[in-house]
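Structure record follows, encoded as structure tokens.
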Amino acid sequence: MPPLNPDEQYKFKVLTQATGGKLTNNQASKLLHISVRHLQRLKREFLKNGALTVVHKLKGKSGNHSLEKSVKSNILTTIKQTYPDFKPSFAAEKLKENHDLIINPETLRLWMIEDGLWKAHQQRRVEYHSWRQRKDYFGELQQFDGSYHLWFEQRLLDEFGFPQEVCLLASIDDATGKITHAKFDLNEGVVAVFNFWMEYVLTAGKPLAIYLDKFSTYKINHKSAVDNFELMTQFQKAMKLLSIQVINANSPEAKGRVERLFGTLQDRLVKELRLNNTSSIAEANKFLKEFLPKFNEKFSVVPAMDGNIHREITQQEKRSLKSIFSIKSTRRVNSDFTIQFKNHFYQLEEIQPTTIRPKEKILVEEHLNGTVHFSFKNHYLKCFILPERPKKILKQPVILTTHPLNYKPSENHPWRKFKYGRG
């Protein structure tokens, strides 16, 4: 017979005193929290079988639903070989998906702890944060951020031979918890973010608002920007042109949905990329198209209200999309009608769609494809790049306009018909 545990020892002591006359049936039933009739049955069995009465009949025996030791051994061996750093829940999913081995995640967790493959975590101290209700509609609010991480582990190296961190840009819908778009890039700069949101609005439409942090790409953090609300980043200007509200969070906890998303992806997506042997940004972006629908099916929720309130981009916005998602700056026209920009000189052609004078302030647009365009009064100017810095000239034109300055009117022009001295 196996040794008695403390509860069984206590029960054995009470039954011994009850059968020996030291306790009445009423007293013993109170101590064991059972009825008097049940106590009488236990006393009769105790006199017949002794200590076996207080031991459960299934103690030391395998459960009816227990798995064979060979199955347990096979599962643990598969985990050690293929999924050594997977968490129990994720490992259980992969065992079912790739090996047709069905096991309860909590059972697997106990097995992995017992075998040293998983360490039970202590309950961490949780700070108080007030709960914010989700938005009602899909497309009402997108939480957006970028996460630098060794997404490809040791498979992608930088120019010095070290593992390279890349940035995963992702947006998650506040109402559904669905990843609406995700893309790998080298950084979280303006060009990468513009490429992300250009793809987003072309495929999903325009959300009502975007919730993000105060990274320099999204907000000017200089002290003078506190009272001067006209100071805007390139990203804020682009979103204003598309009528998308930009909301800056004051803490990571405020945009907790996208922060928790990256925590999950840094565990699951890293391992999925490893299993798929993905080792480049281009391959990873293709893989995301397969990964995201499965991820959303598992983790997204039903919104409070039915309907998608993303707004379609208009034809005018679609034609201007390259201009909207361009890096804008200003330059002045030199006296010789050249423009200096990033160590290059651009010569304006003689005939332009609008009148240009020296010292005019023009808008410079750097499109995402690398081309540079000059705009004045909503007209793109004609120009060409000069091979070297232009030399100063003595005689310079006064203006550039829509026709040559040495323009000669036609024979029937009113100027040719007019003569002085006629009555």
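If a residue has to be part of a loop (DSSP other than H, G, I, E, B) and among the hydroxyl-bearing types (Ser, Thr, Tyr) to count, how many in region 32-70 make the cut? Show your work before the answer.
Initially, region 32-70 is screened for residues part of a loop (DSSP other than H, G, I, E, B), giving 33-35, 55-68.
Now narrow it down to the ones that are among the hydroxyl-bearing types (Ser, Thr, Tyr): 35, 62, 66.
Residues that pass the stated criteria total 3.
I'd like to know if region 22-31 contains one or more residues that are assigned to a helix (DSSP H, G or I) and over 20 Å from Asp7 (Cβ atoms). Yes, that holds for at least one residue. So is His367 within 28 Å of Val191 (Cβ to Cβ), in contact (Cβ under 8 Å) with a residue 60 or more places away in the chain and not aliphatic (A, V, I, L, M) or not? For His367, the condition - within 28 Å of Val191 (Cβ to Cβ), in contact (Cβ under 8 Å) with a residue 60 or more places away in the chain and not aliphatic (A, V, I, L, M) - is not met.
A residue that is crowded, with 17+ Cβ neighbours inside 10 Å and under 30 Å from Leu141 (Cα atoms) cannot be found anywhere in region 352-363.
Pairing residues of region 60-85 that are touching a residue at least 12 places away in the same chain (Cβ under 8 Å) and on the phi > 0 side of the Ramachandran plot with residues that are loosely packed, with under 12 Cβ neighbours inside 10 Å and of a type outside the set (A, V, I, L, M), at Cβ distances under 9 Å and at least 6 apart in sequence or on separate chains, gives Gly60/Pro2.
For region 335-351, a tally of residues being in a loop (DSSP other than H, G, I, E, B) and either crowded, with 17+ Cβ neighbours inside 10 Å or in contact (Cβ under 8 Å) with a residue 60 or more places away in the chain (or both) returns 3. In region 1-34, the residue that is surrounded by the fewest Cβ atoms within 10 Å (Cβ to Cβ) out of those that are touching a helix residue (DSSP H, G or I) at 6+ places or on another chain (Cβ under 6 Å) and among the hydroxyl-bearing types (Ser, Thr, Tyr) is Thr19. Mind checking whether some residue in region 296-317 is within 23 Å of the chain's Cα centre (by Cα), part of a helix (DSSP H, G or I) and either surrounded by 16 or more Cβ atoms within 10 Å (Cβ to Cβ) or among the β-branched types (Val, Ile, Thr) (or both)? Yes, that holds for at least one residue. Kindly establish whether Ser243 is at pLDDT 90 or above, small (Gly, Ala, Ser) and either surrounded by 13 or more Cβ atoms within 10 Å (Cβ to Cβ) or over 21 Å from Val201 (Cα atoms) (or both). Against the criterion (at pLDDT 90 or above, small (Gly, Ala, Ser) and either surrounded by 13 or more Cβ atoms within 10 Å (Cβ to Cβ) or over 21 Å from Val201 (Cα atoms) (or both)), Ser243 does not qualify. Every test in (1) assigned to a helix (DSSP H, G or I); (2) more than 33 Å from the chain's Cα centre (by Cα) is passed by Ala91 save one, and that test is (2).
Here Lys255 qualifies as modelled with pLDDT under 95 and of a type outside the set (A, V, I, L, M, F, W, C). Hey, can you tell me all the residues within region 77-87 that are part of a helix (DSSP H, G or I) and surrounded by fewer than 22 Cβ atoms within 10 Å (Cβ to Cβ)? Thr77, Thr78, Lys80, Gln81, Thr82, listed by residue number. Answer with yes or no whether Phe46 is touching a residue at least 60 places away in the same chain (Cβ under 8 Å) and touching a helix residue (DSSP H, G or I) at 6+ places or on another chain (Cβ under 8 Å). No. Among the residues that make up region 297-313, is at least one of them of a type in the set (Asp, Glu) and over 30 Å from Phe138 (Cβ atoms)? Checked region 297-313: no residue is of a type in the set (Asp, Glu) and over 30 Å from Phe138 (Cβ atoms). Filtering region 348-368 to residues that are of a type in the set (S, T, N, Q) and closer than 14 Å to Thr338 by Cα leaves only Gln352.
The values are calculated or read from the model by the stated rules, or taken from the named source; none is laboratory data. Just so it is clear, the structure is predicted and the values come from calculations on it, not from any experiment. We place every Cβ from the backbone using ideal geometry, glycine too, and count neighbours over all the protein chains shown.
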